[in-house]
Amino acid sequence: MQSWVPFVPDSASTMSWKVDAVYFYLSGVTLFFTLLISAILVFFVIRYRRRTPYEIPRPIAGSHKLETLWTVIPFLISMTIFGWAAKVYFDQSSPPKNAMEVYVVGKQWMWKIQHSTGQREINELHVPIGKKIKLIMTTEDVIHDFFVPAFRVKSDVVPGKYTTLWFEATKTGKFDFYCAEYCGMNHSGMIGSVVVMESREFDNWLSGNTSNTTPAVAGQQLFQTLGCVSCHGATGEGGRGPALNGLFGRETQLVGGQKITADEAYIRESILNPQAQLVDGFGPIMPTFQGQISEDQLVQLLAYIKSLQANSPQQSAPASSPAAATKPSPAPAAK
Ligand code: CUA
């Protein structure tokens, strides 16, 4: 699907027109000055042509008025470009708080996607129309880049950290996504499509496969098998590590007085490199899990820790009840 302007991809998210507006403004400014300068050039060539072979022009010493004009006007124009584009960039890079979360793991050469209700997909991403979707992304190997031209969103996927990307689709249908960072032999084949569906259709799709375990429940099981639970009770049982209930998104005081907010990056680091940012009041006794758990498992642990909000059921909730351990999901939770 193509838009009415040649070479411009279909426009299918709330971000599209904002990016297009900046782009058309830039093109308009460029076109205007190209035409203006060309016209003046041609006019001057004719108007000030040499009329006799020995003609010597009158010397010009400079003009402060002209110099001021051609400094101030371009400055103002470039500031409108900067201000406007920065506004759009901030919109793009700050995901709304109430967005529906989807986990994306890149790997040579495919995209692995998991919904918070447990459904997994490869090289396909099903989403409902008119809903804010936040992708939490990482990679198992090298840098990739998740790019959906029709949504005008794009973000690098970097080893060892989480990056995010958000969008709200405004049209149903299939929209291509690409890997936009050269990542080896089959980089060009690392493609897929976002399938945007009506809400009801999406709910059906989501409940179609009920045997899946949600990432939060898988993370809870992992939490038990890895033995994390013996030190880190949700409410501080165990006593050797900080309580995890309500931890996500909270400000935490570290040894040495520094304060940080417990976000995805912090939790990831605390699992892989526990000594790096110790919580005040606890000793450096946690072993590292670097190399022992996969990116998928890290995502599950993260989903579990995020699900431990202060008012949610504790980690003693039965593992067979995903609904009890996950945040409210936008679709009827799988049984
Ligand atoms: Cu992955 Cu290019």
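Residues Met100, Met110, Met185, ordered by accessible area of protein heavy atoms at a 1.4 angstrom probe radius and largest first, appear as Met185, Met110, Met100. In the chain, taking the dipole from charged Cβ atoms about the Cα centre, the farthest positive-side position among Pro6, Thr34, Val104 is held by Thr34.
The slack between Val45 and Ser27, meaning 0.36 nm per residue of separation minus the straight C-alpha distance, is 3.8 nm. Looking at the P(r) of the range 215-310, how many percent of alpha-carbon pairs lie beyond 17 Å? Looking at the range 215-310, the distances longer than 17 Å represent 46 percent of pairs. At full extension, Ile260 and Ile293 could sit 9.4 nm farther apart than now, given 0.36 nm per residue minus the alpha carbon distance. The label-point distance for Arg120 and Lys174, in a model that sets each label 7 Å from Cα toward Cβ, rounds to 2.3 nm. Pairs from the list Lys107/Lys259; Lys87/Lys161; Lys112/Lys132; Lys18/Lys65 with a Cα-Cα gap above 32 Å: Lys107/Lys259; Lys18/Lys65. When the trypsin sites (Lys or Arg not before Pro) in the range 1-108 are filtered for DSSP coil states and for at most 10 other beta-carbon atoms within 10 Å of their beta-carbon, the remaining sites are Arg49, Arg50, Arg51, Lys97. Largest GNM mean-square fluctuation across Ile191, Ile143, Ile285, computed for the chain with C-alpha springs under 10 Å, falls on Ile285. Taking the inverse of the mean reciprocal distance over all distinct Cα pairs, the Kirkwood hydrodynamic radius of the range 54-94 comes to 13.4 Å. For the chain, the solvent-accessible area of protein heavy atoms averages 57 Å² per residue (probe radius 1.4 Å; ligands and nucleic acids excluded). Note on Ser230/Ile77: beta-carbon distance plugged into 1/(1 + (r/R0)^6) with R0 of 51 Å gives a FRET efficiency of 0.20.
Structure remark: mean-square fluctuation, Gaussian network model of the chain, C-alpha springs under 10 Å; the largest value among Ala276, Ala216, Ala262 belongs to Ala276.
When 1/r is averaged over all different Cα pairs and the result inverted, which Kirkwood radius in Å belongs to the chain?
Every distinct Cα pair counted, the radius reaches 23.6 Å.
Within the listed set Ala21, Ala61, Ala243, the Gaussian network model of the chain (springs between alpha-carbon atoms below 10 Å) gives the highest mean-square fluctuation for Ala61. Rounded to the nearest 0.05, the FRET efficiency derived from the C-beta distance between Lys87 and Ile60 at R0 = 41 Å is 0.45. Normalising the average separation of contacting C-alpha pairs (under 8 angstrom, six or more residues apart) by the number of residues puts the relative contact order of the chain at 15 percent. A crude spin-label estimate for the pair Asp280 and Leu35, with each label 7 Å from Cα along the Cβ direction, gives 6.4 nm.
When you work out D = kT/(6 pi eta Rh) for the range 100-212 at 37 °C and 0.692 mPa s, using the Kirkwood radius from C-alpha pairs as Rh and the Stokes-Einstein form, the result is 233 µm²/s.
The residues packed around Val102, meaning those with a beta-carbon under 12 Å from its beta-carbon, carry a net charge of +2 if Lys and Arg are +1 and Asp and Glu are -1.
The values are calculated or read from the model by the stated rules, or taken from the named source; none is laboratory data. In this text, all values refer to a predicted model and were calculated from it rather than measured experimentally. Positions of Cβ are generated from backbone atoms using ideal geometry, with glycine treated the same way; all protein chains shown enter the neighbour counts. Please note that ligands, DNA and RNA were not included when accessible areas were found on the heavy atoms of the full protein model with its side chains. Shrake-Rupley method; radii C 1.70, N 1.55, O 1.52, S 1.80 Å.
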